Amino acid sequence: FAGLADVSIAEDIPVEGEITIPVGSHSPDEDCSTLDEPVRDTIMRDLKAVGKKFVHVMYPKKSSALLRDWDLWGPLVLCVSLALMLQGGSADSKEDGGPQFAEVFVIIWFGAVVITLNSKLLGGTISFFQSLCVLGYCVLPLTVAMLVCRLVLLAGSGTVSFIIRLIVVVAMFGWSTLASTAFLADSQPPNRKALVVYPIFLFYFVISWMILTFTPQ
Amino acid sequence: AGPGTMSAPGAAAAGGGRSGTAAEWGGFEDNMQGGGSAVIDMENMDDTSGSSFEDMGEMHQRMKEEEEEEEGEAGAAEEEDGEFLGMKGLRGQLGRQVADQMWQVGKRQASRAFSLYANIDILRPYFDVEPVQVRARLLESMIPVKMINFPQKIAGELYGPLMLVFTLVAILLHGMKTSDTIIREGTLMGTAIGTCFGYWLGVSSFIYFLAYLCNAQITMVQMLSLLGYGLFGHCITLFVTYNIHFHSLFYIFWLGVGGLSTLRMVAVLVSRTVGHTQRLILCGTLAALHMLFLLYLHFAYHKVVEGILDTLEGPNMPPFQRVARDIPVVSNAVLNTTAKAIALTL
């Protein structure tokens with residue numbers, strides 16, 4: 001910098017530049033023009049991020065991508081679609097026997113909040129929204145199971161279909177629990193992992209139970 | 001905020017390290033990671049690490065100290081190299097003011113969030129358990145203690161009871177689903193959660209109040225813990241009997257398992273109470289409530305009983321707000337006769 005000591009810049013020329021630490025491929029243009037870019041680009045970028053996280057859930061490796069850039073779009077989409085698919089499962093058309101939309105919504109979000117609080121109280125290092133993000137994204141296998149169950153129920157609702165649905169739901173429940181454990185258990189002290197895994201197990205068990213006992217009108 | 005905020009870290013870097021471009025940028029990087037940067041990236045303010053709100057407080061403190069250091073250094077630097085700071089002189093002050101404002105806003109946000117966080121910390125000591133301890137306490141809750149002349153120790157822990165209550169909720173849901181209980185006003189989930197949490201919190205408070213009247217040595221957390229672990233017996237009983245529908249089996253479990261966990265709670269309370277009347281009141285109430293709750297959970301959400309209630313009550317519906325399913329008349333008669341037969345055999 002000593003060599004440039006004699007450079008003087010007039011004060012009416014705006015000084016611009018990069019003030020964050022250059023990480024990855026941040027070009028000077030990008031930060032200035034995210035406001036001017038077409039809406040399509042913004043949406044596609046968010047959709048790609050969500051899609052990448054879906055892939056991480058389906059193949060749970062110990063990566064920190066899900067934790068580092070958390071977002072709640074994915075959980076919202078999954079929660080809404082699961083709640084929509086679970087609606088209308090009442091045994092009697094006059095009375096409400098099946099879980100309603102609000103019920104499923106509340107169960108998922110309230111359950112996720114409780115698990116997060118529990119893991120924080122047990123001494124976890126993960127933050128509130130990161131935990132919500134992981135738990136929400138790991139509902140993906142169960143949403144897939146719900147889809148499969150609905151398709152199977154279209155074909156018929158006998159014992160065979162029940163067995164198929166049972167197998168699918170149990171498999172997806174295991175997958176969900178393993179995926180979320182892979183992300184969350186690392187943030188706990190090693191001897192308390194079981195204490196954190198049990199509520200997650202219970203949470204996905206309740207959701208799986210709602211999926212399995214769903215019978216359309 | 002481009003020009004203004006650009007100058008402030010420039011001033012910091014200038015004040016911090018003045019040897020070479022690379023080192024300067026390196027110094028700037030160190031400042032950023034150490035929290036000494038004048039720029040707060042507002043997007044990343046909501047935590048990317050666990051206790052970042054605590055770090056925020058420290059960070060702001062450090063930034064304030066660094067700012068004070070910086071001003072002294074910048075003063076010295078200005079004398080040395082006036083031209084270098086020429087383009088940043090006025091902008092530096094403006095930048096610092098803007099950055100200062102951002103710090104204050106951020107600090108206010110952080111301290112509000114910190115006080116919220118601190119409220120959770122109140123509960124932290126009650127969750128300080130190991131899995132081995134939880135397992136040991138679960139098994140102990142079924143073993144009545146023999147020494148009632150010596151106050152028994154109760155662990156004031158809330159993790160086990162909370163998990164047991166949630167497990168009970170899950171088991172209840174399962175029971176309600178398999179018996180096709182239809183709740184008219186409310187939802188299945190709401191009823192299950194309300195029942196279990198209501199019992200745990202309500203009966204704990206009531207017994208704590210009675211303990212206060214009867215001069216028993218027990219705190220609220222201990223009572224919550226004791227009753228919570230007492231629900232372990234309920235969980236086992238309901239888990240078995242919701243799947244195997246034999247009335248006699250339920251009664252055996254009710255007396256055996258429910259009785260054991262009640263006996264344990266009663267023994268612990270007796271060991272902490274002085275005086276016969278007080279012991280009788282306290283333990284009688286607890287035993288009655290605990291056993292009756294198990295009875296209620298079984299009968300309120302059980303399919304076979306619907307037929308019995310229909311025959312006994314007739315047109316008067318029980319106040320559970322539960323509606324029997326629309327069973328065709330023929331099978332209803334069959335169900336009622338079988339129910340009567342079972343009732344007769346018991």
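Annotations for the structure displayed:
- Some residue of the range B:151-160 being of a type in the set (D, E, K, R), over 22 Å from the mean Cα position of the chain (by Cα) and farther than 30 Å from B:N215 by Cα: no
- Qualifying residue in the range A:90-106 (condition: at pLDDT below 90, within 18 Å of the chain's Cα centre (by Cα) and within 8 Å of chain B (Cβ to nearest Cβ)): yes
- Odd one out for A:Q217 among (1) at pLDDT 85 or above; (2) assigned to a loop (DSSP other than H, G, I, E, B): (1)
- Sole exception among (1) in contact (Cβ under 8 Å) with a residue 24 or more places away in the chain; (2) touching a helix residue (DSSP H, G or I) at 6+ places or on another chain (Cβ under 6 Å); (3) under 21 Å from A:Y59 (Cβ atoms) for A:V168, by number: (1)
- Test for A:I207: is it surrounded by 20 or more Cβ atoms within 10 Å (Cβ to Cβ), assigned to a helix (DSSP H, G or I) and aliphatic (A, V, I, L, M): yes
- Condition broken by B:L138, with the remaining ones in (1) in a loop (DSSP other than H, G, I, E, B); (2) touching a Phe, Trp or Tyr at 6+ places or on another chain (Cβ under 6 Å) satisfied: (1)
- Reported count of residues in the range A:1-60, each being at pLDDT 75 or above, exposed (fewer than 11 other Cβ atoms within 10 Å of the Cβ) and among the hydroxyl-bearing types (S, T, Y), is 1.
- A single entry from B:I143, B:I122 fulfils the requirement of being among the aliphatic types (A, V, I, L, M), surrounded by fewer than 15 Cβ atoms within 10 Å (Cβ to Cβ), at pLDDT below 90 and in contact with a helix residue (DSSP H, G or I) (Cβ under 7 Å, 6 or more places away or on another chain): B:I143.
- Test: residue in the range A:143-165 that is within 15 Å of the chain's Cα centre (by Cα) and under 20 Å from A:Q100 (Cβ atoms): yes
The values are calculated or read from the model by the stated rules, or taken from the named source; none is laboratory data. For clarity, every value in this text was computed on a predicted model and none was experimentally measured. Here Cβ is always computed from backbone atoms with ideal geometry, including for glycine, and neighbour counts include all displayed protein chains.
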